[in-house]
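Enquirer: After the C-alpha cells below, expect a handful of questions from me.
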Amino acid sequence: MRQDMLLVVDMGSTRNTDVARAIRALGVYSEICNYDVTAEEIAKMPNVKGIVANGGPNDVVDGQKIGLSDEIKNCGLPVFTFDYEDNGTVHPMPEEDEAIQEDLRSFIFDTCKAQANWNMENFIADQIELIRKQVGDKKVLLALSGGVDSSVVAALLLKAIGSQLTCVHVNHGLLRKGEPEQVVRVFKDELSANLIYVDATERFLSKLEGVADPEQKRKIIGAEFIRVFEEEARKLDGIEFLAQGTIYPDIVESGTKTAKMVKSHHNVGGLPEDLQFELVEPLKMLFKDEVRSCGVALGLPASMVYRQPFPGPGLGVRCLGAITRDRLEAVRESDAILREEFAKAGLEGKVWQYFTIVPDFKSVGVRDNARCFDWPVIIRAVNTIDAMTAQVPQLDWAVLQTITARILQEVKGVNRVCFDLSPKPPATIEWE
Ligand code: XMP
C-alpha cells in the first residue's frame with residue numbers, strides 16, 4: 001500500500017464522514033472505525049500514522065458512556081481528540097473553523113509525520129494490487145448498469161484482471177435514450193471487456209403491464225432484475241467472485257455502532273443464497289466525488305462519470321401509473337430533448353438533476369385544426385446538496401421555450417409541456 005492513513009474513531013459523533021473528508025482534503029487517506037476497535041486490529045491496517053477520536057452526542061451505547069480504551073491510548077500512535085461537551089455544543093468541523101483546520105493539519109503532518117500521498121494514481125495502483133491478490137486467476141462477475149459506480153468498478157477491474165472479468169448489462173427497457181448503446185460501445189468495443197448484453201425489455205414490460213402502484217412497480221423491476229442476472233450467472237462456468245459498486249456512504253449510512261441506520265445497504269443482499277460468491281468491492285472506501293475522479297483517471301468518458309443520479313427502476317418511475325410502451329417512449333424522447341438542450345445552453349453540471357415525467361392522464365388540445373387528446377410532459381429541474389431538500393433553479397425562459405417547442409413537435413402523443421416549480425419539501429424530486 002502506498003498511502004499513509006489516519007484513523008477516525010467514531011466516539012459518538014454524527015459527523016465522522018466530515019472529519020474523514022477533511023483529512024482526505026489535506027491529501028491524507030482516512031477511514032472511519034468503531035469506538036471499540038482494538039490495538040490488534042489497528043496494527044493490521046496498513047500505514048496507520050495517527051488516530052482522531054471523534055466525540056459527539058451519541059456517546060452512550062447500551063447505557064454506558066463510551067471512551068477511548070487505554071489500549072488504544074497506549075498503542076504508540078498519536079491521538080487527536082475532538083471533544084464533545086455534554087452541554088450539547090458540537091465542535092465545529094475543520095472546514096468551518098480555521099483554527100481547528102490548522103490544529104488538524106499540524107497533528108497530521110507535524111505530529112504523525114504523515115505524507116500527503118492520497119491521490120487517484122496511488123489509489124488505483126493499490127487497488128490493482130489488492131484485486132489481483134484477492135482474485136488470483138479466478139473469474140469475477142459484475143452487473144454493469146452503466147451508472148457511475150458500476151462503470152468505474154468495471155474499468156478498474158479491467159485494468160487489474162482484464163479477461164477474468166465478465167460484465168452483464170441488463171437492459172430493462174427503462175434506460176434513457178442511448179444508454180445501453182453507450183455501455184456496449186465503451187466497454188465492449190473500446191475497452192474489450194467480456195460483456196454480456198441482455199435486452200430484457202419485453203420481459204420487464206410484460207411483467208409491468210397494468211401495474212399502477214409505484215411500490216409494486218419498483219418491486220417487480222428489482223426482482224426481475226435479479227432473476228435475469230441470476231439466469232446469466234448460472235450460464236457461466238467457474239465464477240467465484242461478484243464485483244459490486246459499493247461506495248463509502250453505502251457502508252457508513254448502513255449504521256455505525258453509535259449511529260442509527262440511515263438506510264439499508266442496497267448493494268448487499270438480493271441474490272439467491274445458493275449463488276455463492278465472494279465479494280469484490282474496490283470502491284468501498286471512496287466518497288462519490290472520489291469515485292468520479294477515479295473514473296476520470298481510468299479514462300472513462302465524462303458523460304458516464306458525471307452522469308446525473310438515475311433511479312434503479314429508471315424511467316419506470318417517471319412514466320407514472322401503469323407503464324405503456326407509447327408513454328414510455330414519450331418519457332424517453334422528451335428526456336433526451338431536455339438533456340440535449342440543457343447541454344447546448346451550458347446547463348450541464350450547473351443544474352444538479354433534470355428529467356421529464358409523463359403522467360397517465362390526457363387533456364384536450366388542438367393540432368392541425370382538429371381536436372387532440374394527448375399527454376402532458378412535465379419538466380423537473382432541481383438543485384440540491386444531498387437530495388434531502390431541493391430547490392428549483394430559475395431557468396432562462398428562452399431555453400424553456402425551445403425545449404417546449406421541440407417536445408411538442410418531436411414527441412408523439414404530447415400536446416402540453418409543464419414546468420414543476422415545487423421545492424422539496426413538500427414535493428419530492430421524483431414523482432413516484
Ligand atoms: P426523491 O424523489 O426521494 O429523490 O426526492 C431523491 C433522489 O434519489 C433518487 N431516487 C432513486 N435512486 N433508486 C435510486 O437509486 C430509487 O428507487 C430512487 N428513487 C429516487 C432521485 O432521482 C433523486 O436524485
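No lab work stands behind these numbers, since they all come straight from the coordinates. This structure is a prediction, so every number in the text was calculated from the model and none was measured. Glycine also receives a Cβ, built like all others from the backbone with ideal geometry; neighbour counts cover every protein chain displayed.
Enquirer: Rounded, prolate or oblate: which fits region 67-163 when a ≥ b ≥ c are the square roots of the eigenvalues of the alpha-carbon gyration tensor, with rounded for a/c under 1.5 and prolate only if a/b beats b/c?
Expert: prolate
Enquirer: Among rounded, prolate and oblate, which fits region 392-432 when a ≥ b ≥ c are the square roots of the eigenvalues of its C-alpha gyration tensor, a/c under 1.5 means rounded, and a/b larger than b/c means prolate?
Expert: It comes out oblate by the Cα gyration axes.
Enquirer: Please provide three numbers in whole Å: the alpha-carbon extents of region 123-208 along the principal axes, with the largest listed first.
Expert: Between the extreme Cα coordinates on each principal axis of region 123-208 lie 44, 21, 20 Å.
Enquirer: In a Debye calculation with equal point scatterers on the alpha-carbon sites of region 3-132 and no solvent, what is log10 I(q)/I(0) at q = 0.21 Å⁻¹?
Expert: The computed values of log10 I(q)/I(0) come out as -1.28.
Enquirer: Still on this structure, I have one more. Specify, per residue and in Å³, the volume enclosed by the convex hull of the alpha carbon atoms belonging to the chain.
Expert: Expressed per residue, the convex hull around the Cα atoms of the chain is 172 Å³.
Enquirer: Over all Cα pairs of region 12-89, how is the pair count split among 5 Å bins, expressed in % and running from 0 up to the last occupied bin?
Expert: Spelled out bin by bin, region 12-89 gives 3, 13, 25, 25, 20, 10, 3, 0 percent.
Enquirer: Moving on to the next point. Using packing as a proxy for protection, rank 151-160, 330-339 so that the peptide with the highest average count of other Cβ atoms within 10 Å comes first.
Expert: Most protected by this proxy first, the peptides run 151-160, 330-339.
Enquirer: Now, a different point. Could you tell me the center-to-center distance, by alpha carbons, between region 366-415 and region 1-66 in angstrom?
Expert: 47 Å
Enquirer: Given Lys73/Lys284; Lys139/Lys159; Lys133/Lys159, which pairs have Cα atoms separated by over 18 Å?
Expert: Over 18 Å apart, Cα to Cα: Lys73/Lys284.
Enquirer: Next up: For region 335-403, what is the convex hull (Cα atoms) projected area averaged across all directions, in square nanometres?
Expert: Approximately 6.0 nm², given one-decimal rounding.
Enquirer: Next question, about the same structure. Report, please, the projected area of region 196-256 averaged over directions, based on the convex hull of its C-alpha atoms, in nm².
Expert: Averaging across all directions leaves 6.3 nm² for the Cα convex hull.
Enquirer: When all alpha-carbon pairs of region 107-158 are counted, what percent fall beyond 15 Å?
Expert: Beyond 15 Å sits 62 percent of the P(r) for region 107-158.
Enquirer: Using packing as a proxy for protection, rank 417-430, 15-28, 284-297 so that the peptide with the highest average count of other Cβ atoms within 10 Å comes first.
Expert: For the peptides 417-430, 15-28, 284-297, the packing ranking is 15-28, 284-297, 417-430.
Enquirer: Next question. Over all Cα pairs of region 310-352, how is the pair count split among 5 Å bins, expressed in % and running from 0 up to the last occupied bin?
Expert: In whole percents, the pair-distance histogram is 5, 22, 22, 21, 17, 9, 3.
Enquirer: I've got another one for you. What order do you get for 101-114, 34-47 when each peptide is scored by the mean count of other beta carbon atoms within 10 Å, highest first?
Expert: Ranked from most to least packed, the peptides come out as 101-114, 34-47.
Enquirer: May I ask you to compute the full-extension gain from Glu181 to Ala125, defined as 0.36 nm times their residue separation minus their alpha-carbon distance, rounded to one decimal in nm?
Expert: 17.2 nm
Enquirer: Compute for region 266-402: radius of gyration divided by Kirkwood radius, i.e. Rg/Rh, restricted to C-alpha atoms, rounded to two decimals.
Expert: Reported Rg/Rh (Cα atoms, Kirkwood Rh): 1.06.
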